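Heads up: the structure comes next, in structure tokens.
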Amino acid sequence: MTSNSPDHDGPSVPGRRPTSGEPLRAGGSDGRLSPDSARSSAVDGPAPMSAPRGADEARASAGEATEATKAGQGTPGKKAGAARTSGKKASGGDWNVFRTVVVLVGLVIAGFGAYYLILGTAGLPDTEGTPVNPTLENQFRFFSAMMVGVGAAFITIAIKFQWANMLWLVCLMVFVGGIGRVLSWAFSGTPNYIMIILMVVELAFPPALLVWHKYIAKTSQMRQEFAQRG
């Protein structure tokens with residue numbers, strides 16, 4: 001006969017609810033925890049959840065990408081600044097050479113003018129022992145003073161380069177003086193060879209100086225535009 005005692009029927013019937021006096025077994029057939037296991041879980045608390053590594057790695061990767069982007073953006077600025085600085089140095093060197101030449105030209109012209117202003121027509125070649133014409137002497141010394149003024153204008157333009165536009169006018173004055181020598185040669189005969197040399201210089205040098213000035217101004221502008229684009 002089948003016994004109706006709880007000790008016999010309890011464990012053998014699946015899904016049966018245990019009675020109040022029956023202890024819960026861990027890992028039983030009904031999947032319930034024993035009271036001891038439940039108390040242990042309540043005291044210890046839930047197991048700590050590990051932080052998701054994927055999120056941390058994504059944040060680290062994003063930070064590295066941001067730093068790389070900033071570094072990449074800073075590099076063109078440095079290159080542009082270096083190009084701009086090198087362009088300024090190159091153009092500044094060209095202008096310094098040009099200004100030095102202009103100063104030397106001014107000194108030569110002013111020196112000739114001072115020489116003729118002091119000596120008058122006696123300072124000219126092929127005039128030794130010839131009588132002095134007071135009218136010619138007067139006019140000659142006046143134009144000698146004008147030569148000093150032209151030389152001083154060259155020097156002033158080179159020192160205070162804000163007046164560079166006046167360089168065209170001063171060069172034109174020297175060029176016209178060379179044309180005056182050509183007219184003198186044509187109407188009065190061949191002068192001394194020194195005057196011919198001065199005539200050639202006065203006709204050739206002012207245009208060459210103006211072309212050089214234009215070339216440096218143009219190349220400086222191109223360097224600045226290239227540096228800005230870079």
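Things worth noting here:
- In this simple spin-label model, placing a label point 7 Å from the Cα along the Cα-to-Cβ direction at both residue 195 and residue 179 gives a separation of 2.0 nm.
- Förster radius 45 Å - calculated FRET efficiency between residue 146 and residue 229 (Cβ-Cβ, nearest 0.05): 0.40
- Counted charge near residue 216, where neighbours are those whose Cβ lies closer than 13 Å (Asp, Glu -1; Lys, Arg +1): +3
- In this view, the solvent-accessible surface of residue 155, computed with a 1.4 Å probe and all protein chains in place, comes to about 40 Å².
- Using only Cα coordinates, the Kirkwood hydrodynamic radius of the range 137-230 works out to 15.5 Å.
The values are calculated or read from the model by the stated rules, or taken from the named source; none is laboratory data. Nothing here was measured: the structure is a model prediction, and the numbers come from that model. So basically every Cβ, Gly included, is an ideal-geometry build from the backbone, and we count neighbours across all protein chains shown. When the accessible area is computed, the model is the full protein with side chains, heavy atoms only, and any ligands, DNA or RNA have been set aside. Shrake-Rupley method; radii C 1.70, N 1.55, O 1.52, S 1.80 Å.
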